[in-house]
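Asks: I'd like to ask some things about the structure below.
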Amino acid sequence: MSDLSYWLIRCGNQVLISIDEQGREAFPRARHDDFLDLDQPLHIGHWNGVSCYAIETPEIPAHISGELRPVRSLFASAGPEIFALAGRGTQMIDWQKNHRFCGHCGTPTIMKKTEFALECPACRLVAYPRISPAVMVLIERGDELMLARSPHFRPGVFSALAGFVEAGETLEQCAVREVREEVGLEITNLRYFTSQSWPFPNSLMIAFFADYAGGEITPDPSEIEAAGWFARDALPPLPDHVSIARQLIDASCRIHTAQRMYTGQ
């Protein structure tokens, strides 16, 4: 327990980032003894072959240096591995905080030794970290993409449609329902692209391409403030590259360009 490990230290909804021996941004190194007065540290993985733990503290110990950063900023500054670890760590911290007591009988929970789970010693109810699956759909129609914007987006930014999977619903059913509810369109030929853990706060994004099958764009005003068809060579401002939405849109443009070159169009 005296050996130095990497520590994801969250304070005020930001994480502490320091500079390692190679001049890279990383989590600071510390010992378990530095955090004896806090919750049980959570082992969240490894960085450069060294164990990495997550902890939340009301203030940073004076002897641990670094700069507090928002998790989302780490993808661009520190890289995808640090971003993924930070996302995992912050989700685990929230899970630990929100399940201190059994949701069935109110007994204080204890951490299981064999898996990431909090167990009630009285009624044996087990609470696992919450993961909220959400489907994202990029609708294609020839040279055009259907993009929309939520009132919560940065000014001018458009993206693909997305929504959470409901109980008893498949991913495919969710995709059809969300598109129909949000913009009134029908889709076909749903094709899986990739998935992304999105720790804001605990989403798992599953992204698809889909072909337009019919209907006129009719935005749901409670969720969508603008939507329309955009030519791939005249797209509006898009989400940051860290997001699966941007990766989905960029992939669609690359695939379409390659297909046109192959067919000589």
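The values are calculated or read from the model by the stated rules, or taken from the named source; none is laboratory data. Remember, it's a predicted structure, so these values are computed and weren't measured experimentally. Backbone-built Cβ (ideal geometry, glycine too); neighbour counts: all protein chains shown. Keep in mind that these areas ignore ligands, DNA and RNA; they rest on the heavy atoms of the full protein, side chains included. Shrake-Rupley method; radii C 1.70, N 1.55, O 1.52, S 1.80 Å.
Asks: For region 82-105, check the following and say yes or no: at least one residue is over 20 Å from F200 (Cβ atoms), of a type in the set (F, W, Y) and under 24 Å from the mean Cα position of the chain (by Cα).
Replies: So the first thing to find is which residues in region 82-105 are over 20 Å from F200 (Cβ atoms), and the list is 100-105.
Subsequent filtering for residues that are of a type in the set (F, W, Y) retains 101.
Now narrow it down to the ones that are under 24 Å from the mean Cα position of the chain (by Cα): none.
Scanning region 82-105, I find no residue that is over 20 Å from F200 (Cβ atoms), of a type in the set (F, W, Y) and under 24 Å from the mean Cα position of the chain (by Cα), so the answer is no.
Asks: Which ranges mark the strands (runs of 3 or more DSSP E) fully within region 83-202 that have 2 or more residues being of a type in the set (F, W, Y) and open to solvent by less than 70 Å² (accessible area, probe 1.4 Å)? Outline the logic, then answer.
Replies: Details: elements: 132-141, 144-149, 161-164, 186-198.
In region 83-202, 186-198 are the strands (runs of 3 or more DSSP E) which contain 2 or more residues that are of a type in the set (F, W, Y) and open to solvent by less than 70 Å² (accessible area, probe 1.4 Å).
Asks: I've got another one for you. Looking only at region 1-19, count how many residues are part of a loop (DSSP other than H, G, I, E, B) and in contact with a Lys or Arg (Cβ under 8 Å, 6 or more places away or on another chain).
Replies: Going through region 1-19 one residue at a time, the tally reaches 4.
Asks: Also, I was wondering about something else. With respect to the numbered conditions (1) more than 19 Å from R24 (Cβ to Cβ); (2) without any contact (Cβ under 8 Å) to a residue 40 or more places away in the chain, which one is the sole condition not fulfilled by D94?
Replies: (2)
Asks: If you don't mind, another one. All but one of (1) surrounded by 16 or more Cβ atoms within 10 Å (Cβ to Cβ); (2) within 28 Å of K113 (Cα to Cα); (3) in contact with a strand residue (DSSP E or B) (Cβ under 6 Å, 6 or more places away or on another chain) hold for S51; state the number of the condition that does not hold.
Replies: Against the list (1) surrounded by 16 or more Cβ atoms within 10 Å (Cβ to Cβ); (2) within 28 Å of K113 (Cα to Cα); (3) in contact with a strand residue (DSSP E or B) (Cβ under 6 Å, 6 or more places away or on another chain), S51 comes up short only on (1).
Asks: Looking at region 85-116, which of its residues are in contact with a strand residue (DSSP E or B) (Cβ under 8 Å, 6 or more places away or on another chain), hydrophobic (A, V, I, L, M, F, W, C) and over 17 Å from G45 (Cβ atoms)?
Replies: Listed by number, the residues that qualify are F101, C102, I110.
Asks: While we're here: Look through region 1-37, keep the residues that are of a type in the set (D, E, K, R) and exposed (fewer than 11 other Cβ atoms within 10 Å of the Cβ), and return whichever of them is farthest from P58 (Cα to Cα).
Replies: Just the residues of region 1-37 that are of a type in the set (D, E, K, R), to begin with: 3, 10, 20-21, 24-25, 29, 31, 33-34, 37.
Add one more test, that the residue is exposed (fewer than 11 other Cβ atoms within 10 Å of the Cβ), and what stays is 3, 21, 33, 37.
Numbers: D3: 24, E21: 27, D33: 17, D37: 11 Å.
My answer is E21.
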